[in-house]
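The values are calculated or read from the model by the stated rules, or taken from the named source; none is laboratory data. Keep in mind the model is a prediction, meaning the values are calculated, not measured. No Cβ is skipped: glycine too gets one built from the backbone with ideal geometry, and neighbour counts run over all protein chains shown. The accessibility values were calculated without ligands, DNA or RNA, using every heavy atom of the protein model including side chains. Shrake-Rupley method; radii C 1.70, N 1.55, O 1.52, S 1.80 Å.
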Amino acid sequence: MELLIETLSKQYSNGVQALNNVSLHIPQGMFGLLGPNGAGKSTLMRTIATLQKADSGSITWGELNILEQQEEMRKVLGYLPQEFGVYPRVSAEMMLDHIARLKGLSNRKERNETVSALLQKVNLYKERKRNLGTYSGGMKQRFGIAQALIGNPKILIVDEPTAGLDPAERNRFYNLLSEIGESTIVILSTHIVEDVKTLCKQFAIICSGEVMYVGTPHDAVKTL
Ligand code: ADP
Ligand code: ADP
């Protein structure tokens, strides 16, 4: 089921037009949002994640209207913001357990199974007892993905996740996202062309709040 974004616009109170009539149809799999800093990517992603409102336009996923049914939408969404803090003195395992409990997984056994499966999926099971403050940048990002995957989202939104990762970590992260993209809509924002070429079936180029291109990386070779 596609995520349909129609004529979305947002102007901030300082007059910046962050989104100007953005329309995108996002199918299952990896979808890239490529654009320079200030293009409007985070604004678009925060709007999809129900964290802020647009001035006009709509976002729908099947019967769900994201801008009107935020509670329902949050149940099917996972969001990894561009910068997220971790509690340095808490282990990955404890933190995931805590979040899973907050999300309503009250059965201890089920919760343990969910947390173990997620730690294995992001390849942090061996490091699960380590405090998050000792994690490298790449490990932290993979932990963030595990956190965003609690509750089995159908739509995963990741904002500039590969910035600052070394090539080995970036590859590990690509593999993880590709696997998730087999069963989920994954929207990835990035200013790194390589991210889009390696990962995305389709992508859009966004500049000054406007969609300049939508298509496959293959067709975009001339544009890039
Ligand atoms: P809105 O128009 O959605 O009400 P505001 O202008 O009130 O947004 O700003 C919301 C928050 O974003 C404030 O905390 C503000 O400090 C921060 N902010 C303001 N300008 C910028 C900017 N250019 N880029 C990123 N964040 C900003
Ligand atoms: P990107 O994620 O592509 O870097 P953003 O969505 O963060 O782009 O920003 C788009 C434009 O909106 C920029 O000009 C930015 O400075 C401005 N902006 C972002 N957040 C706010 C805010 N809260 N208040 C005012 N301006 C903002």
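Listed here are the residues, each with its yes/no results for (1) within 16 Å of ligand 2 (Cβ to nearest atom); (2) at pLDDT below 90.
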site	(1), (2)
Tyr125	no, no
Arg130	no, no
Met139	no, no
Glu160	yes, no
Ala163	yes, yes
Ala168	no, no
Leu177	no, no
Lys222	no, yes
Report task. From Leu51, Leu67, grab the single residue that is of a type outside the set (Lys, Arg), surrounded by fewer than 17 Cβ atoms within 10 Å (Cβ to Cβ), within 16 Å of ligand 1 (Cβ to nearest atom) and within 29 Å of Ser23 (Cβ to Cβ). Result -> Leu51
Report task. Being open to solvent by 60 Å² or more (accessible area, probe 1.4 Å), over 18 Å from Ser58 (Cβ atoms) and either more than 12 Å from ligand 1 (Cβ to nearest atom) or not aliphatic (A, V, I, L, M) (or both) is the filter here, so list the residues in the range 1-16 that pass it. Result -> Tyr12, Ser13, Asn14
Query - Index of the failed condition, Met45 passing every other in (1) of a type in the set (A, V, I, L, M, F, W, C); (2) within 16 Å of ligand 2 (Cβ to nearest atom); (3) modelled with pLDDT under 95 - result: (3)
Report summary line: Within the range 1-21, of all residues that are among the hydrophobic types (A, V, I, L, M, F, W, C) and either outside any strand (DSSP E or B) or within 11 Å of ligand 2 (Cβ to nearest atom) (or both), the one farthest from the chain's Cα centre (by Cα) is Val16
Report task. Being within 15 Å of ligand 2 (Cβ to nearest atom) and of a type in the set (Phe, Trp, Tyr) is the filter here, so list the residues in the range 51-83 that pass it. Result -> Tyr79
**Report entry** Condition met for Leu34 (touching a Ser or Thr at 6+ places or on another chain (Cβ under 8 Å) and modelled with pLDDT under 95)
**Finding:** no
Query - Entirely in the range 28-100, the strands (runs of 3 or more DSSP E) that have 3 or more residues that are in contact with a helix residue (DSSP H, G or I) (Cβ under 8 Å, 6 or more places away or on another chain) - result: 29-34, 77-80
Query raised in the report: Does the range 158-171 contain at least one residue that is under 17 Å from the mean Cα position of the chain (by Cα) and assigned to a strand (DSSP E or B)?
Result: yes
Query raised in the report: Tally time: how many residues in the range 19-48 are in contact with a Phe, Trp or Tyr (Cβ under 6 Å, 6 or more places away or on another chain) and either within 12 Å of ligand 1 (Cβ to nearest atom) or open to solvent by 10 Å² or more (accessible area, probe 1.4 Å) (or both)?
Result: 1
Report summary line: In the range 172-224, anything under 17 Å from Asn37 (Cα atoms), open to solvent by 80 Å² or more (accessible area, probe 1.4 Å) and within 19 Å of the chain's Cα centre (by Cα) is listed as His191, Glu194
